[in-house]
Amino acid sequence: MSALKPMKMMLACIVLLPFCQAALATPISTSDVITDWTSDVSPIDGQDVGNWTISSGNIVGTSNHVGSLTSDVSVNSDFSFSVNSLARDNDTFGLVWGFQDLANHYRLSWAQDYGETGVGSSQGGHGVDGFKIIKEVGGISSVLFSSNTEYGQNQTYDLRVAGTVAGFTVEVENLSTSTLIFNESITDTTFVSGSVGIHDYFQQNGNVWSNFDLDTGTSVPEPSMVAIFASGMLLIGMRRRMSKPVPSVG
Ligand SMILES: [Ca+2]
């Protein structure tokens with residue numbers, strides 16, 4: 001075997017690495033989400049109404065639903081998470097990420113009426129509410145971004161959040177009209193890792209949640225990739241040792 005072969009393998013690994021990492025973006029079935037993720041109270045105020053359940057392959061809620069569902073894995077700083085949500089009521093729904101616990105995380109809360117009170121320009125109840133990106137630290141909420149733009153009932157939205165070097169970006173697209181509504185880059189590194197998830201807040205029967213997709217990020221190389229690099233190095237080392245000219249005797 002030529003000494004070039006291990007080198008070629010190494011180069012192939014380096015060239016292919018981005019594709020190996022991109023392959024980590026994995027759709028998660030709603031049945032796995034229901035089974036493996038943690039069902040808990042609302043990250044907004046700890047209220048709890050109804051349950052998460054599966055209906056026609058999608059995740060919905062029961063009753064005038066209030067609650068959260070957070071991932072069983074912690075993601076790295078360059079993660080991405082997306083999920084589709086059909087709005088079925090006029091209250092609040094959204095995402096969580098960088099989630100340490102109910103008192104420490106980022107979340108997006110989007111409301112028509114009865115939005116989050118005490119943070120941002122709108123104050124809940126009937127009237128203008130809208131879209132808020134909130135940081136919760138030690139149970140204290142602060143607004144990182146706020147807009148009065150409300151969602152439309154019976155519209156389906158793609159909610160996306162992705163880690164960046166400086167913080168994260170949040171994108172919201174109305175899939176019913178193919179319109180990008182929000183594309184917000186936020187500079188904040190309070191929580192650079194943590195779980196991700198979804199939440200409903202008094203949405204009757206819950207929103208209809210589907211198409212979960214989670215890339216856990218690439219900050220830490222996968223053990224399998226480390227093993228490939230290590231074996232490549234080992235092969236090169238062995239090859240070099242074997243190629244050394246045998247010292248002539250006498
Ligand atoms: Ca309601």
Going by a ≥ b ≥ c, the root eigenvalues of the Cα gyration tensor, does segment 121-201 fall in the rounded group (a/c under 1.5), the prolate group (a/b larger than b/c) or the oblate group?
oblate
When the gyration tensor of segment 27-220 is built from Cα positions, what are the square roots of 5 times its three eigenvalues, in whole Å, from largest to smallest?
21, 20, 16
Diagonalise the Cα gyration tensor of segment 48-134 and give the resulting equivalent ellipsoid semi-axes, square root of 5 times each eigenvalue, largest first, whole Å.
22, 19, 12
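Each reported figure results from applying straightforward, stated rules to the coordinates on display, with no laboratory input. Keep in mind that this is a model prediction, so the values were computed, not measured.
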